[in-house]
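The block underneath contains the structure these notes are about, expressed in structure tokens.
The values are calculated or read from the model by the stated rules, or taken from the named source; none is laboratory data. These figures come from a predicted structure and were not determined experimentally. FYI the Cβ positions are ideal-geometry reconstructions off the backbone, even for glycines, and counts take in every protein chain you see.
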Amino acid sequence: MTPRIKVLVERVWNYHQLHHPISPADAILVLCSHDTIVAERGAELFLDGWAPLLIFAGGLGAITKQFWSEPEADRFADIAIRMGVPRERILVENRSTNTGENILFTKRLLAERHLNPQKFIVVQKPYMERRSYATFKKVWPEKDVAVTSPRLSLDEYLERYSHEMLSKEDVISIMIGDLQRIRVYPAKGFQIHQDIPADVWHAYDELVKAGYDKHLIDVSHGSPTTDNHHPTIDRPPSDEG
């Protein structure tokens, strides 16, 4: 990364994070992905007593199906159990393939179990906090939610999560793809609107021109109908999960 690219990436990274204060809740909902440190963050919150129920949501998304055969939620739940979370305090939703489904399918699972938590702590990757919040409030607006993530700097995150199958450039491209979704998904009915400051969108433009464009969606078709989307679920081919 050149110094200029680093400045732009930091700007986008900071925008994605909401810094919600955490308070006691009825359930912790962990949105799963390739990033297993998110499972650890969810387990730590449970073990620290922030909520009596820990939910993991995620099957295999566009990225994890490339290198895992086990559903994300099952893998994450195993991590939590090894950390000391009682198995009976965990619920697993392992069919969803994107953020909207994570929340919608969890909503259905809780209804089937006759559970009705009112307040959630949602746990996600640092650069997916904002999109997770916007999606949750669209799919389940009547619930109270705070979003949190592992407490890592950009440098720490890139060092820990770049590897042969998911390079630093890949992670940055995913981050840029999430910013694009924050802009285009409200019009499709998948998220609530979130303001994007001009300097953040300028960073997006520069980074796309610099080649961080591998996880963008095609916005040339303009409507959910032509894109074959469900009206409340984000399901573009490149959605990470």
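Let me confirm something: among R82, R89, which residue is without any contact (Cβ under 8 Å) to a residue 40 or more places away in the chain, over 16 Å from the mean Cα position of the chain (by Cα) and surrounded by fewer than 22 Cβ atoms within 10 Å (Cβ to Cβ)? Can you show your working first?
Working: R89 fails: without any contact (Cβ under 8 Å) to a residue 40 or more places away in the chain.
None of the other options fit; the residue is R82.
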Just to check your reading of the model, which residue among I121, I63 is among the hydrophobic types (A, V, I, L, M, F, W, C), out of contact with any Gly (no Cβ under 8 Å at 6 or more places or on another chain) and surrounded by 15 or more Cβ atoms within 10 Å (Cβ to Cβ)? I121
Quick one: T232 ticks every box in (1) under 23 Å from N14 (Cα atoms); (2) in contact with a helix residue (DSSP H, G or I) (Cβ under 7 Å, 6 or more places away or on another chain); (3) at pLDDT below 90 bar one, so which box is it? (1)
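Take the conditions within 25 Å of Q124 (Cα to Cα), acidic (D, E) and at pLDDT 55 or above and apply them to D239. Does it pass?
Values: within 25 Å of Q124 (Cα to Cα): yes; acidic (D, E): yes; at pLDDT 55 or above: no.
Considered against the rule, which asks whether it is within 25 Å of Q124 (Cα to Cα), acidic (D, E) and at pLDDT 55 or above, D239 comes out as no.
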Among I81, I103, the single one that is assigned to a helix (DSSP H, G or I), in contact with a helix residue (DSSP H, G or I) (Cβ under 8 Å, 6 or more places away or on another chain) and more than 27 Å from M175 (Cα to Cα) is I81
Checklist (1) among the hydrophobic types (A, V, I, L, M, F, W, C); (2) within 21 Å of K6 (Cα to Cα); (3) outside any loop (DSSP other than H, G, I, E, B) applied to L152, failing item: (3)
Considering only the stretch 127-156, state which residues are crowded, with 16+ Cβ neighbours inside 10 Å and among the polar types (S, T, N, Q). S132, T135, T148, S149
State yes or no: is N98 of a type outside the set (A, V, I, L, M) and at pLDDT 95 or above? no
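Test A51 against the criterion of being modelled with pLDDT of 95 or more, touching an Asp or Glu at 6+ places or on another chain (Cβ under 8 Å), within 22 Å of K138 (Cβ to Cβ) and among the hydrophobic types (A, V, I, L, M, F, W, C), and give yes or no. If you could, list the steps in order and put the result at the bottom.
On the way: modelled with pLDDT of 95 or more: yes; touching an Asp or Glu at 6+ places or on another chain (Cβ under 8 Å): yes; within 22 Å of K138 (Cβ to Cβ): no; among the hydrophobic types (A, V, I, L, M, F, W, C): yes.
The answer is no for A51.
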Within the stretch 1-23, restricting attention to residues that are of a type in the set (A, V, I, L, M, F, W, C) and in contact with an Asp or Glu (Cβ under 6 Å, 6 or more places away or on another chain), which residue is nearest to D144 (Cα to Cα)? L18
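Anything in the stretch 56-103 that is of a type in the set (F, W, Y) and more than 17 Å from M128 (Cβ to Cβ)? List them, or say none.
To start, the set of residues in the stretch 56-103 that are of a type in the set (F, W, Y) comprises 56, 67-68, 76.
Across the stretch 56-103, the qualifying residues are F67, W68.
Would you mind finding the one in I81, I90, I176 that is in contact with an Asp or Glu (Cβ under 8 Å, 6 or more places away or on another chain), among the β-branched types (V, I, T) and at pLDDT 95 or above?
On the way: I81 fails: in contact with an Asp or Glu (Cβ under 8 Å, 6 or more places away or on another chain); I90 fails: in contact with an Asp or Glu (Cβ under 8 Å, 6 or more places away or on another chain).
The match here is I176.
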Go through the stretch 8-46 and give me each residue that's touching a helix residue (DSSP H, G or I) at 6+ places or on another chain (Cβ under 7 Å), among the polar types (S, T, N, Q) and modelled with pLDDT of 95 or more. Q17
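Say we look at the stretch 1-60 and pick out the residues that are of a type in the set (D, E) and over 14 Å from the mean Cα position of the chain (by Cα); which of these is surrounded by the most Cβ atoms within 10 Å (Cβ to Cβ)?
From the stretch 1-60, those of a type in the set (D, E) are 10, 26, 35, 40, 44, 48; that's our starting set.
This time we only want the ones that are over 14 Å from the mean Cα position of the chain (by Cα), so: 10, 26, 40, 44, 48.
On the way: E10: 14, D26: 16, E40: 18, E44: 16, D48: 9.
Only one residue fits best here, namely E40.
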Would you check which residues across the stretch 157-188 are surrounded by fewer than 15 Cβ atoms within 10 Å (Cβ to Cβ) and not acidic (D, E) and list them? R160, H163, M165, S167, A187
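Results for (1) in a strand (DSSP E or B); (2) closer than 21 Å to E93 by Cβ; (3) among the polar types (S, T, N, Q), shown as yes or no for each residue.
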site: R11; (1), (2), (3): no, no, no
site: H19; (1), (2), (3): no, no, no
site: V30; (1), (2), (3): yes, yes, no
site: H34; (1), (2), (3): no, yes, no
site: A39; (1), (2), (3): no, yes, no
site: L45; (1), (2), (3): no, yes, no
site: P52; (1), (2), (3): no, yes, no
